[in-house]
1. Would you calculate, for the chain, the mean residue ellipticity at 222 nm contributed by helices, counting each DSSP H stretch of 4 or more residues as -39,500 (n - 2.57) and dividing by all residues, to the nearest 500?
2. When only C-alpha pairs under 8 Å and at least 6 residues apart count, what is the relative contact order of the chain, in percent?
3. Mind checking which of N66, N101, N114 has the largest fluctuation in a GNM of the chain, springs on alpha carbons under 10 Å?
4. Could you tell me the extents of the chain's C-alpha atoms along the three principal axes, largest first, rounded to whole Å?
5. Let me confirm the definition first: pairs of Lys residues in region 24-107, 8 or more apart or on different chains, C-alpha distance under 24 Å. How many are there?
6. Provide the per residue accessible area, probe 1.4 Å, for region 18-106, rounded to a whole number of square angstrom.
7. State the percentage of accessible surface on the chain attributable to carbon and sulfur atoms; use a 1.4 Å probe and exclude ligands, DNA and RNA.
8. Can you tell me the convex hull volume per residue for region 1-97, based on C-alpha atoms, in Å³ to the nearest whole number?
Amino acid sequence: MNKTIEVLLNDQIKYEANASMHYMAMASWADEKGYNGIAEFFYKQSEEERVHMIKLIKFVNERGGNVVIPALEKPKASFDSLGELFADFLKSEMFVTEQINHVIYECLNKKDYNVHNFMQWYVTEQLEEEAVARTLLDKLNIIGDDKSGHYMFDRDINTIATAVDTEE
Ligand code: OFO
């Protein structure tokens, strides 16, 4: 495996792992505040990011590359509002998308079409996740500070997220 690509894939393993812990912290914050639907949504997101990380680890190992399991960043543990929580979610997804685009760019540069092909799954996944994050943030912006709106958002979040996911 090309060294540059191997380093980038290891970086990507770290980003997926960080996202997983970041969403776990978001889930825990929401759980503590009594937002059960939002907590369930982020626990699930956290699990998905873990799956993305493992998929990369297995791929690098299968290709004879060297995986370095990274140390993780301590995630932010508290949020001023639901708006901040979901703005952070979108920011995190946009960051991951940017990194994936960078891997793809380098794959083309180095003519590694195998990894390029493998990474297409991540491109599709990011499209879906960004769409979900954007939709949820849009809804929260409409709701503003309205408490009963927050109650309904928490009740409906998993239905909204699934609907956006299946639209893609
Ligand atoms: Fe790993 O899917 Fe988003 O970040």
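The values are calculated or read from the model by the stated rules, or taken from the named source; none is laboratory data. The model shown is predicted, which means the values in this text are computed figures rather than measured ones. When the accessible area is computed, the model is the full protein with side chains, heavy atoms only, and any ligands, DNA or RNA have been set aside. Shrake-Rupley method; radii C 1.70, N 1.55, O 1.52, S 1.80 Å.
1. Helix-only estimate at 222 nm: -29500 deg cm²/dmol.
2. 27
3. Largest GNM mean-square fluctuation: N114.
4. 54, 32, 20
5. So the count works out to 13.
6. Per residue, region 18-106 has an accessible area of 52 Å².
7. 53
8. Details: hull volume 8.1 nm³, N = 97.
Hull volume over Cα atoms, normalised by residue count, gives 83 Å³.
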